[in-house]
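Trainee: Please find one structure pasted underneath; my questions will follow.
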Amino acid sequence: METIIDKNSCFDIQKTPVFARVWQQLRRHYLLYLMCIPGILYFILFRYGPMWGILFAFQDYNIFKGFWESEWVGLAHFIRFFNSPAFSVLMVNTLVISLLNIVFAFPAPIILALLLNEVRLAWFKRSIQTLIYIPHFISWVIVASMTFMLLNGGGPVNSLLAIFGFDTVPFLTSIDTFRPMIVLQGIWRGAGFGTIIFLAALAGVNVELYEASIVDGASRLKQCWYITLPALRSVIILLLILQMGSILETGFDQLFLMGNAANRSVSDVLAVFVFREGVVGGNFSYTTAIGLFQSIIGLIFVLGADRLAKRVGEFGIF
Amino acid sequence: MQNNTTKVIIGIVVVLVVALGIWFLAGRQPVEEAAIQEQEQAAAPAAPREVTPPVEEVDYTITILTVSHTGEIIAPDHPAILQIEEHTGYNTEWEFVLGANFAEQMNMRFAAGNLPGIVALTGISGPIVSAALGGAFWDLTDHIPQWPNLADANPTIMNNISIQGRSFGVYRQRPIGRNGIVIRTDWLDYLGIDKPETLDEFYEMLYAFTVNNPQPNGGDTYGMTWTGGFMGAFHQLAVMHGAPNRWEILNEKFVPWFEHEAFAEAMDRARWMFDNGIINPDFAALPTGDLRVDLYAGRVGVEIGVSDEARRTANALRDAGFMTQEELDAGEMVWVMGPVANAQGERRSMALSGHAGFVAISTSGAPTEESLQHHLNFMNMINDPIGQNIVSWGARDHNWEYAGNGTVRIIEQPTNLLEGLNQIMMRQNFVYTQADANSRENAIIEVQRANLDIAIHDPSLPFAALSDTWTANQVSLNQIIDDAVINYTMGHIDMDGFRQEVERWYTEGGQNAIDELSAALAAAR
Amino acid sequence: MIRNDTAASRIFDVFNTIFLILFAVVTLIPFMYIIAGSFASQAEIIERGFFLIPREPRLEAYAYIFSSRLLPRAMLISIAVAVVGTATSMLITTTFAYSLSKKYLAGRNVMLTMIIFTMLFSGGMVPTFLVVRALGLLDNFWAMILPGAVSVWNLIVLKNFFQSIPVEIEDSARIDGASDWTVFVKIVLPSSTAAIATFSLFYAVGYWNQFQPALLFIPSNTEIWPLQLVLRNIVMMAAGTIQDAVFDPEFVQPPADSIRNAVIVFGTMPILMVYPFIQKHFTKGVMVGAIKG
């Protein structure tokens, strides 16, 4: 039972019964509750309305027969998934790429935002900002094609390496280069767009703080460390928590397009497997079950991360 | 700094000016490629009925769902549609699904249960099979014999689209003997080589294309482009060497093609080609859509693919400036041939299934027996030479005119205006070919005709839908083998490694598929 | 803004500038290649491989775009969806986020839990489709907006932004007798212009880039197909990734590269032009104190 403490209330909390407090709450802040209505309506209609689709995971769902006519199979799909030979490979591949993204791709927009923040010329800052977020809009199909042009055996990168006397590196087919390539691709495509949220957070930092620190003799580095970063701390932690929910998700398009016979052992992730089995093979229920599994794991991670954040004194997502 | 509103207004004005500018500067419409229609001459084309017996008009609307690959849609009052309505006596209403969306759209329509009466389906994939078995489409097995134009459909292809032995529609016919080898004949001439007759000569030619500078003005060249995403070229080579088409039946059991020694032979050749630079070294990673970039850029000498690729290659070379329009019309530079002979002297062409899905009648669009009869009537009337040529070429005497001897002459380029309409073409053998074909066109026709005599079919097709494992897993299973072939070609694994992957194929569903398919075969006998 | 001007500081500026320019170049060049390709003839694209400036500029590809009714109309639809959708989404999201930012709101934690649950768990395409159909929204313009109107991610982050606005600002208004709504509209929103601008941009980009709602919910009303749906079809066709059409190229002539490039440029330019307009909101705000942790 949550405690309802209205800071503006002069009531003596211990003496008032719970129900009366709630009622008083509602009357005082009825506008807030009214403001909730559109949102609540939305979630009920469009998020919880379809929620029964989760149950497909426990059925042998035939899309034409529909929900009521399809037969129930309980946990059969989950058992099949856990027992399938591909299971451990898929989990490892998915988790590794996800973690690499958290370690490398997540900080990239933060660093970029910090660097941009240090720029003094307003027009330069704006121009750079506008340019670096363009790749976000280029579809993965194009990105894959361009990556191929860039990294293939006879392409510019390998030609450059040859000039310096290095051997040709088979970027596209080598197992060792696959994961770094995926992470770098992701950074190229998403870092620019990712800076926006951090720049918005930085916009709220009071200029006077910087000025005061200069008076105190702080170097730019110190300013960054003691003013800028703390300003971003909340946002960073919040985004990190939300990212945890996607721990078993990786983009489908990128991995599907960059995967090939030579790197299959590291490029097959859950999303690609689901596509092959579900959309192409028609194992609709099976893939729903896998999706449910991904969601459950994601939930555990999100709640865990949130609890950790509370320990450190942050808001968390609640 | 100007205020917000001014900025917005200026922005809008700039955009409008630029757009208008482009509009005016662009001038005439660009020359659009003609919607090049396919030809198949399995049977001599029936003589066209010059006079159509009057068809009584029925006050009933047939709703049709078909596929548009470009997004352009034929106007509802297009003369072609009007002619169809005249020919069948029914009113028609057309709906279109974008090609890229077909799989998802179909799922939604199945779930909603609101399909139109006539539905063009692009394949026999898992979702479609389960929908059909679940009752989404009428089982027409007993009805088809009662309608003359449906009953005379090719029984092999009808068998190939059957689901658990039942027929749910009429196939969308595609040439069975469509595969072919496209060759740059100008390179042959320049090097003084004859067209290859045997596999050995074929490989020698490829080698020559790679190392002997077959182009007058130099430039790097190589034999063939492959892509890891689609190994059709290798598949055809394997069949040419002597392997069966995916499956063969031995002692009443299905045996996969990679168990045949010719398959290993083809693999060794693939590795030889890779080591000698005859195929592109990055083929494993080449995006599928970029497969023909080098071919169209004039850097590649051969493509093993579909025979009509010769036409597209010629067009592309003309667009790229390697060939003039006259040379293209004269049939120069690009030519197509059927398979070369293997060591035993056999020519083997990997047959296609003969269809690209089928046209079905949905139970939601035709809920009653009576409506089913109407739809069958419509299908029957459209499945004759007149109907099939309207859907394929457009409105007679408006888009095309009959040029005698089973050929047509295009009056007005139908192009994208026919999008969707031609996707319900079912009986390709009724469709006329284009008149004034040049030698290249004739070569394409000839190859496809000759292939029918040497076609090697995939015996699993009629039984595929009866094996749950195969329907659900064939994509993954095929990928295991293709991946292994690719890795072997590149030298990443050797024959032992390949056998290991083959073992994996068996344990991950291959053995189950074999058992189920063989059981289905036994039941049918 | 005043900064101290040590030597180290200036060196840093130089390196920073170089790095940012390099990064901008790396992100920009591929797009410039696409733009260049849209103004080039097919022959040049094939011959030259990679280039940034076409030798013989041609407008054929763009003429193709404007010659069909389909693409310009789809562009207008996309703009309409983005504008109306962003307005709708921001309306629902900001009001909800503000209410949820108040810790004393009754039922807050319950609502938040249920909201976050939907971020991870979803019924899937088919049930959502059935709901949309039941509401009579199939083939309707609003089917591209309502089902995805609220992004949980946006909602939560915005809520936290509101939570970090110092209470004192609101209190002083409340003491003067302002109602919750007045505080929201007159005090909180103006203090959060950076956040509002950011999430409006996120929603706008989301609406602009989306094709799934149209794919699922607009089966036959071709008049309102958005640009990304058509663009995706063209790109997939050219890339050979449409499962069925790939090797049924019989009736399908994949579009020339120049056309594909032009369509990509056409589909991306409008949204790119939005960001510069809202950038002025990212300058330093008028908030007192830093965002609290």
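Read-outs throughout are calculated quantities, based only on the coordinates presented, and are distinct from any laboratory measurement. Note that the coordinates shown come from a computational prediction; the quantities given were computed from them, not determined experimentally. All Cβ positions, glycine included, derive from the backbone under ideal geometry; neighbour counts span all protein chains shown.
Trainee: Between C:V167 and C:M269, with labels modelled 7 Å along Cα→Cβ, what's the label distance in nm to one decimal, could you check?
Mentor: 5.3
Trainee: Let me ask you something else. I need the calculated FRET efficiency for the pair C:L91 and A:F19, taking r as the beta carbon distance and R₀ as 35 Å, to the nearest 0.05.
Mentor: Efficiency for this residue pair is about 0.60.
Trainee: Let me have the 222 nm mean residue ellipticity of chain C computed from DSSP H runs of 4+ only, each contributing -39500 (n - 2.57), with the sum over all residues rounded to the nearest 500.
Mentor: That calculation yields -20000 deg cm²/dmol at 222 nm.
Trainee: Also: Please compute, for the alpha-carbon atoms of chain A, the extent along each of the three principal axes and give them in descending order in Å.
Mentor: Extents along the principal axes: 77, 71, 31 Å.
Trainee: GNM, chain C, Cα, under 10 Å: largest mean-square fluctuation among C:F50, C:F162, C:F15?
Mentor: So, out of C:F50, C:F162, C:F15, the one fluctuating most is C:F15.
Trainee: Which one, B:A356, B:I176, B:A435, is farthest towards the positive end of the dipole of chain B when Lys and Arg carry +1 and Asp and Glu -1 on their Cβ?
Mentor: B:A356
Trainee: So how much slack lies between B:A435 and B:N251, counting 0.36 nm per residue of separation and subtracting their Cα-Cα distance, in nm?
Mentor: Result: 61.4 nm gained on full extension.
Trainee: Summing -39500 (n - 2.57) over the DSSP H runs of n ≥ 4 in chain A and dividing by its residue number, what mean residue ellipticity at 222 nm do you reach, to the nearest 500 deg cm²/dmol?
Mentor: Computed mean residue ellipticity for chain A: -18500 deg cm²/dmol.
Trainee: Could you tell me the center-to-center distance, by alpha carbons, between the stretch A:252-285 and the stretch A:151-225 in angstrom?
Mentor: Taking the Cα centre of the stretch A:151-225 as reference, the centre of the stretch A:252-285 is 28 Å away.
Trainee: Mind listing the Cα extents of chain B along all three principal axes, in Å, largest one first?
Mentor: Sorted from largest, the Cα extents of chain B read 72, 66, 65 Å.
Trainee: What is the fewest-to-most order of B:D290, B:D436 by other Cβ atoms lying within 10 Å of their Cβ?
Mentor: B:D436, B:D290
Trainee: Sticking with this structure for a sec: I'd like the distance separating the alpha-carbon centroids of the stretch C:194-219 and the stretch B:263-334, in whole Å.
Mentor: When both Cα centres are located, 41 Å separates them.
Trainee: Would you calculate the separation in nanometres between label points at C:T113 and B:R449, each defined as 7 Å from the Cα along the Cα-to-beta-carbon direction?
Mentor: Modelled inter-label distance: 7.7 nm.
Trainee: Kindly put C:H281, B:H398 in sequence by how many other C-beta atoms sit within 10 Å of each C-beta, fewest to most.
Mentor: The most exposed by this proxy come first: B:H398, C:H281.
Trainee: Is the stretch C:10-156 best put as rounded, prolate or oblate by its Cα gyration tensor, with a ≥ b ≥ c the root eigenvalues, rounded for a/c under 1.5, and otherwise prolate when a/b is larger than b/c, oblate when not?
Mentor: Oblate.
Trainee: Could you list log10 I(q)/I(0) for chain C at q = 0.07, 0.10 Å⁻¹, which the Debye formula gives when each Cα is one point scatterer?
Mentor: -0.40, -0.78
Trainee: So, one more: Any idea what the dipole of the stretch C:159-221 comes to, in debye rounded to 20, about its Cα centre with Lys/Arg Cβ at +1 and Asp/Glu Cβ at -1?
Mentor: For the stretch C:159-221, the charge dipole is close to 280 debye.
Trainee: Something else: Find the Rg to Rh ratio for the stretch A:69-217, where Rh is the Kirkwood radius over alpha-carbon pairs and Rg uses the same atoms.
Mentor: 1.14
Trainee: For a label point 7 angstrom out from the Cα of C:W153 toward its Cβ, which stretches of the stretch A:265-280 have the backbone nitrogen within less than 15 Å?
Mentor: none
Trainee: Once the dipole of the protein assembly as shown is set up with Lys and Arg at +1 and Asp and Glu at -1 on Cβ about the Cα centre, which of C:W181, A:T173, B:F234 lies farthest towards its positive end?
Mentor: Final value for the positive-end residue is C:W181.
Trainee: Between B:D515 and A:L95, what FRET efficiency follows from the Cβ-Cβ distance if R0 is 56 Å, with the result rounded to 0.05?
Mentor: E(calc), rounded to 0.05, equals 0.95.
Trainee: Still on this structure: Which of A:F19, C:F19, A:F58, B:F137 comes first, and how do the rest follow, when ranked by fewest Cβ neighbours within 10 Å?
Mentor: A:F19, C:F19, A:F58, B:F137
Trainee: To the nearest whole number, what is the average tally of beta carbon atoms from other chains within 10 Å of the beta carbons of peptide C:20-27?
Mentor: Partner-chain Cβ atoms within 10 Å, mean over residues of C:20-27: 6.
Trainee: So, with +1 on the Cβ of K and R and -1 on the Cβ of D and E, and no other charges, what is the size of the charge dipole of chain B about its Cα centre, to the nearest 20 debye?
Mentor: Here the size comes out at about 520 debye.
Trainee: Hey, rough spin-label estimate for B:N276 and C:R69, points 7 angstrom out along Cα→Cβ, what's it come to in nanometres?
Mentor: Roughly 5.7 nm, to one decimal.
Trainee: Out of the stretch B:190-250, which GluC sites (Glu not before Pro) are coil in DSSP terms and have no more than 16 other C-beta atoms within 10 Å?
Mentor: Passing both the DSSP loop test and the Cβ count: B:E197.
Trainee: Is it possible to state the helix-based mean residue ellipticity at 222 nm for chain B, with each DSSP H run of 4+ residues giving -39500 (n - 2.57), the sum divided by total residues, to the nearest 500 deg cm²/dmol? What is it?
Mentor: The helix contribution divided over chain B gives -12500 deg cm²/dmol.
Trainee: Additional query: In chain C, with Lys and Arg counted as +1 and Asp and Glu as -1 at Cβ, which of these residues, C:Q163, C:M111, C:P127, has the Cα nearest the positive end of the dipole, that is, farthest along it?
Mentor: C:Q163
Trainee: P(r) of the protein assembly as shown in 20 Å steps, Cα pairs, percent per bin?
Mentor: 10, 39, 36, 13, 2, 0
Trainee: Could you size up the charge dipole of the protein assembly as shown around its Cα centre, putting +1 on the beta carbon of Lys and Arg and -1 on that of Asp and Glu, and report it in debye to the nearest 20?
Mentor: Around 5920 debye, computed over the protein assembly as shown.
Trainee: Let a ≥ b ≥ c be the square roots of the eigenvalues of the Cα gyration tensor of the stretch B:312-397; is it rounded (a/c under 1.5), or, if not, prolate (a/b larger than b/c) or oblate?
Mentor: Judged from the Cα gyration tensor, the stretch B:312-397 comes out oblate (a/c at least 1.5, b/c at or above a/b).
Trainee: What's the Cα-based Rg to Rh of the stretch B:361-448, Rh via Kirkwood?
Mentor: Ratio value, two decimals: 1.08.
Trainee: Could I ask something else about it? For B:63-72, what's the mean count of beta carbons from other chains sitting within 10 Å of each residue's beta carbon?
Mentor: Whole-number average of other-chain Cβ neighbours for B:63-72 is 5.
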